[in-house]
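Colleague: My structure is below; once you've seen it, I'll send some questions.
Nothing in this text is a laboratory measurement; each read-out follows from the coordinates by a stated rule. The shown structure was predicted, so the numbers you read here are calculated from the model rather than taken from an experiment. No Cβ is skipped: glycine too gets one built from the backbone with ideal geometry, and neighbour counts run over all protein chains shown.
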Amino acid sequence: MAEVSLVGLTKSYGTNRALADVSMTIPDGAFVVLLGPTGAGKTTTLRLIAGLDRPDAGDIRIAGAPVTADTPAQRDVAMVFQQYSLYPHLTVRENLAFPLRSPVLNWPEAEITRKVGEVAEVLRIAHKLDNKATQLSGGEMQRVSIGRALVRNPRIYLMDEPLSSLDAKLRADLRIELKRIHAELGATFLYVTHDQIEAMTMATHVGVLDAGRLVQFGTPREIYENPVSAYVASRLGQPRINLLPADAFGPAPAGAVQIGLRPEHVRIGEGQPATVRRVERLGDQTRLHLTMGPHEIVTLTDPHTALAAGAQISIRPDTPLWFDASGNRT
Amino acid sequence: MFDPLTAEEWRAVALSLRVSFWATAVSLPLGILVAYALARWRFWGREVLNGLVHLPLILPPVVTGYLLLVTFGRRGSVGAYLDQWFGIVFAFRWTGAALAAAIMAFPLMVRAIRLAIEAVDPRLEQAASTLGAGRVWVFATVTLPLILPGILAGAILAFAKAMGEFGATITFVSNIPGQTQTLPSAIYAALQVPGGETQALRLVLVSITVAMAALLVSEWVSRKVAKRISGA
Ligand SMILES: Nc1ncnc2c1ncn2[C@@H]1O[C@H](COP(=O)(O)OP(=O)(O)OP(=O)(O)O)[C@@H](O)[C@H]1O
Ligand SMILES: [Mg+2]
């Protein structure tokens, strides 16, 4: 387990700039989630840290020491790939044991068996241990690929959307297991996900990438409550933040061009008239789709609300976020 | 016409098998290395290496044989040195036939192995390296098992090619019965004497039998290996 710091990392593929001057410090024992739309540079960041690609400029330090010249193996990391790359010639058991069989580790066979069994249990794949890796479903392959990383105690776990092909229940279970491993081992994680809940519940820190630039880094709470820009604000929160012209509810602060309203920023019962278009009952939450003049707003309400489509209500903003012409907070 | 082979003919068959076996066995590790380098490494001179490897395929065999004679002959630049310091002599020995066969078969061997390496998903090797495996270990535990069918195919192809090698061999080590007379050289020699056609035909049948056997064994082995690897 170690602190990992990135200093001015820049990487281009041909003329395509994948990462531009990214600096961040992943504290020892942190669980850092990287957010960003497709192509933002998340996988590139992991590959650079793992040593699969060389940065064009910048430095990577693990536990204070530069590792840029080291091979992937020397860096002592464990990576879970976006496309699970299991060894087709080995069984699930041998896939899981693979990282422990390296001659330099020299683990006794009994230890390997114990560790593989333990990890298989955690990932709910113990019943598939003797299958060939090619005879698994997508979700099972993904769990084996997580397991392959978890059998070791590397200085950092790099995980690229590791739970993306699992069903909701399994995903929730494994979220808890990963969090437990994080807490028990004090392991350091850098974790890529598109999943809001994963980001909010697992992360100690969130980094938001926009077209290869790190635009904000902070605790999930900070990112959610105090985003530096409309772009960052749109990355977290379900339903997404509503972005309207600044004067939609009347006079706006100087310089503000957009008003950002999260569901909790919409106070129902006073202010401007709005029409309920649709009531979307999702079980744990109920969404109201509103129109207010030409604007559409999505907000949350009491799960057992009596409101129905066509209802007339009034709304007003409550401590909203304001953004300027370039999308930054004013 | 189907008399058992004479002692001399048997010697030619045995020599051919021995030459082909050693030509294949000794060049195989180098073949794997060169195939890996050509498939995976981007280095200066890669195209030159590729050209050199393929040269014996394109040159007239007699030219290759002559070049071998000039280089590895007793007075050749390398040959003299090897003789003086290590006592290794190629010229007019069966070892020379093996060297000629190995060089002639090398392009086929490298090509088959290279195709197998290029078919391996590099992400598998990358995954292994990000799980703490060093280069050599990745090769031994991931790449090698996956390219085994290609290696076998390359080796058997090389063996078959070595069995049939004639031009470079006869130019380099001549056609000395019992020493450098391989199966093809023996067939050629038989055809040179009046009335030697029956002898030639017998040797041709042996030649065909060996080739067919090699083919069948290779098919069988690669099917076994492919099955084991894909897990089907
Ligand atoms: N090997 C490569 N060759 C060329 N371009 C690449 C390569 N890898 C990534 N890129 C480009 O670099 C940019 C960042 O890619 P990256 O894979 O890091 O995105 P990502 O954030 O992981 O996206 P996703 O969420 O889709 O996985 C993209 O524009 C991508 O097209
Ligand atoms: Mg990616």
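Colleague: For segment B:55-196, what does the relative contact order come out to in percent, with C-alpha contacts under 8 Å and a separation of six or more? Intermediate values should be presented prior to the final figure.
Modeller: Details: 166 pairs, mean separation 45.9, N = 142.
It comes to 32 percent, rounded to a whole number.
Colleague: Using the Kyte-Doolittle scale, find the helices of chain B whose mean hydropathy is at least -1.0 and whose Cα atoms extend 30 Å or more along the helix's long axis, counting only whole DSSP H runs.
Modeller: Details: long enough: B:7-40 (48 Å, 0.96); B:94-118 (35 Å, 1.36); B:197-230 (49 Å, 0.79).
Span-like helices in chain B: B:7-40, B:94-118, B:197-230.
Colleague: Could you work out the mean count of beta carbons from other protein chains within 10 Å of each residue's beta carbon in B:185-191? Intermediate results must be reported in sequence, preceding the final value.
Modeller: Working: counts 0, 0, 0, 0, 0, 0, 0.
Per residue, the number of nearby Cβ atoms from other chains is 0 on average.
Colleague: Still on this structure, please answer the following. Given chain A, report the % of alpha carbon pairs whose separation exceeds 34 Å. Show your work: numbers first, answer last.
Modeller: Details: 19384 of 54285 pairs.
Across chain A, Cα pairs with separations above 34 Å total 36 percent.
Colleague: Just to confirm a number: summing +1 for Lys and Arg and -1 for Asp and Glu over residues other than A:ALA20 whose beta-carbon lies under 12 angstrom from that of A:ALA20, what do you get? Display every interim value, and only then the final one.
Modeller: Working: positive: A:LYS11, A:ARG17, A:ARG213; negative: A:ASP21, A:ASP56, A:ASP210.
Spelling it out: positives minus negatives among the neighbours equals 0.
Colleague: Sorted from largest down, give the three principal axis spans of the alpha carbons of the protein assembly as shown, whole angstrom values.
Modeller: Computed over the protein assembly as shown, the largest-to-smallest principal extents equal 117, 48, 46 Å.
Colleague: Between A:HIS127 and B:LYS224, what's the calculated FRET efficiency when r is the beta-carbon distance and R0 is 30 Å? Round to 0.05.
Modeller: The value I calculate is 0.55.
Colleague: In addition: For chain A, set up a Gaussian network in which alpha carbons nearer than 10 Å are linked by springs, and say which option among A:GLN142, A:GLN258, A:GLN272 fluctuates the most.
Modeller: Answer for the Gaussian network model of chain A: A:GLN272.
Colleague: Run the simple label-point estimate for B:ILE176 and B:LEU201 please: 7 Å along Cα→C-beta, distance reported in nm.
Modeller: According to this spin-label approximation, the distance is 3.3 nm.
Colleague: Which whole-angstrom value gives the distance between the alpha carbon centres of segment A:1-73 and segment B:1-72?
Modeller: 47 Å
Colleague: What is the order of A:ILE315, B:ILE147, fewest Cβ neighbours within 10 Å to most?
Modeller: Numbers: A:ILE315 22, B:ILE147 27.
Least to most surrounded, the residues fall as A:ILE315, B:ILE147.
Colleague: For a quick check, take a GNM of chain A with Cα springs below 10 Å and name the residue from A:ILE181, A:ILE156, A:ILE241 with the largest mean-square fluctuation.
Modeller: Comparing A:ILE181, A:ILE156, A:ILE241 in a Gaussian network model of chain A, the most mobile one is A:ILE181.
Colleague: What's the magnitude of the charge dipole for segment B:7-230 around its Cα centre, counting Lys and Arg as +1 and Asp and Glu as -1 at the beta-carbon? Answer in Debye, nearest 20. Don't jump to the answer; show the numbers that get you there.
Modeller: Values: 18 positive and 10 negative charges, 103 e Å.
With Lys and Arg at +1 and Asp and Glu at -1, about 500 debye.
Colleague: Right, next: Compute the label zone of A:ALA168 within segment A:236-260: residues whose backbone N is under 20 Å from the point 7 Å along Cα-to-Cβ.
Modeller: Those under the cut-off are A:237-240.
Colleague: Just to be sure I understand: if I project the alpha-carbon convex hull of segment A:110-195 onto a plane and average over all orientations, what area do I get in nm²? Each step should come with its number before you reach the end.
Modeller: Details: hull surface 23.1 nm².
Average projection, Cα convex hull of segment A:110-195: 5.8 nm².
Colleague: Which of the chymotrypsin sites (Phe, Trp or Tyr not before Pro) across segment A:183-228 are loop residues per DSSP, with 12 or fewer other Cβ within 10 Å?
Modeller: Details: sites: A:PHE189, A:TYR191, A:PHE217, A:TYR224; in loops: none.
Those that pass, being in a loop and sparsely packed, number zero.
Colleague: For segment A:20-102, what percent of Cα pairs sit more than 22 Å apart?
Modeller: 36 percent
Colleague: Calculate the dipole size of segment B:38-119 relative to its Cα centre from +1 charges on Lys and Arg beta carbons and -1 charges on Asp and Glu beta carbons; express the result in debye to the nearest 20. Mind dumping the intermediate values first?
Modeller: Working: 8 positive and 3 negative charges, 19 e Å.
That gives segment B:38-119 a dipole magnitude of about 80 debye.
Colleague: Another one. In 10 Å bins starting at 0, how do the alpha-carbon pair distances of chain B split up by percent?
Modeller: Per 10 Å bin, starting at 0, the Cα pair percentages come out as 8, 27, 31, 21, 10, 2, 0.
Colleague: Then there is this: Summing +1 for each Lys or Arg and -1 for each Asp or Glu, what net charge is found among the other residues whose Cβ lies under 14 Å from the Cβ of A:GLU121?
Modeller: On the way: positive: A:ARG93, A:ARG114, A:LYS115, A:ARG124, A:LYS128, A:ARG143, A:ARG180; negative: A:GLU118, A:ASP173, A:GLU177.
It works out to a net charge of +4.
Colleague: Could I ask something else about it? Which of the aspartates and glutamates could a cross-linker bridge to B:LYS227, judged by Cα under 13 Å and excluding same-chain residues fewer than eight apart?
Modeller: The qualifying aspartates and glutamates are B:GLU219.
Colleague: Please arrange A:ARG61, B:ARG74, A:ARG143, A:ARG47 by counting, for each residue, the other beta carbons lying within 10 Å of its beta carbon, fewest first. Walk me through the numbers before you get to the answer.
Modeller: Working: A:ARG61 16, B:ARG74 13, A:ARG143 28, A:ARG47 24.
Result, fewest neighbours first: B:ARG74, A:ARG61, A:ARG47, A:ARG143.
Colleague: What's the center-to-center distance, using Cα atoms, between segment A:100-163 and segment A:274-328 in Å?
Modeller: 45 Å
Colleague: Would you tell me the mean number of C-beta atoms belonging to other protein chains that fall within 10 Å of each C-beta in B:131-141, as a whole number?
Modeller: Values: counts 17, 16, 9, 7, 3, 1, 6, 3, 0, 1, 7.
Mean partner shielding for this stretch: 6.
Colleague: Cα-Cα pairs above 14 Å in segment A:239-323: how many percent?
Modeller: Numbers: 2186 of 3570 pairs.
Counting pairs separated by more than 14 Å, the tail of P(r) holds 61 percent.
Colleague: At 222 nm, what value in deg cm²/dmol follows for chain A if DSSP H runs of at least 4 each add -39500 (n - 2.57) and the sum is divided by all its residues, to the nearest 500? Each step should come with its number before you reach the end.
Modeller: Working: 9 runs with 83 residues, N = 330.
About -7000 deg cm²/dmol.
Colleague: So, one more: Residues of segment A:139-170 with amide nitrogen under 13 Å from the 7 Å Cα-to-Cβ point of A:GLN83?
Modeller: none
Colleague: To the nearest 0.05, what FRET efficiency results for A:ARG240 and B:VAL26 with a Förster distance of 45 Å applied to their C-beta separation? Show your work: numbers first, answer last.
Modeller: Working: r = 67 Å, r/R0 = 1.49.
Plugging the Cβ-Cβ distance into 1/(1 + (r/R0)^6) gives 0.10.
Colleague: Compute, for segment A:136-233, the length of the dipole vector about the Cα centre, with Cβ point charges of +1 (Lys, Arg) and -1 (Asp, Glu) only. Units Debye, rounded to 20. Intermediate results must be reported in sequence, preceding the final value.
Modeller: On the way: 11 positive and 12 negative charges, 63 e Å.
Here the size comes out at about 300 debye.
Colleague: Another question, then. Only counting other Cβ atoms within 10 Å, I'd like A:MET159, A:MET141, A:MET200, B:MET109 sorted with the fewest neighbours first. Intermediate results must be reported in sequence, preceding the final value.
Modeller: On the way: A:MET159 25, A:MET141 22, A:MET200 17, B:MET109 30.
Least crowded to most crowded, the residues run A:MET200, A:MET141, A:MET159, B:MET109.
Colleague: Putting +1 on Lys and Arg Cβ atoms and -1 on Asp and Glu Cβ atoms, find which of A:ILE297, A:ALA211, B:ASN175 reaches farthest to the positive end of the dipole of the protein assembly as shown.
Modeller: Positive-most Cα among the choices belongs to B:ASN175.
Colleague: Oh, and also: Among A:ALA63, A:SER137, A:GLY250, pick out the residue whose Cα is farthest towards the positive end of the charge dipole of chain A, where Lys and Arg carry +1 and Asp and Glu carry -1 on C-beta, about the Cα centre.
Modeller: Comparing the listed Cα positions along the dipole, A:SER137 ranks first.
Colleague: When the label point is put 7 Å from the Cα of A:ASP195 along its Cα-to-beta-carbon vector, which residues of segment A:53-91 have a backbone N closer than 12 Å?
Modeller: none
Colleague: Tell me the mean residue ellipticity at 222 nm calculated for chain B from its helices only (DSSP H runs of n ≥ 4, each -39500 (n - 2.57), averaged over every residue, nearest 500).
Modeller: Details: 11 runs with 178 residues, N = 232.
Computed ellipticity for chain B at 222 nm equals -25500 deg cm²/dmol.
Colleague: With Cβ to Cβ distances under 10 Å as the rule, what net charge do the other residues near A:THR201 carry (K, R +1; D, E -1)?
Modeller: Working: positive: A:ARG175, A:LYS179; negative: A:ASP195, A:GLU198.
Within the 10 Å Cβ shell, the charges total 0.
Colleague: Expressed as a whole number of Å, what is the distance separating the alpha-carbon centroids of segment A:209-233 and segment B:180-232?
Modeller: Answer, in whole Å: 71.
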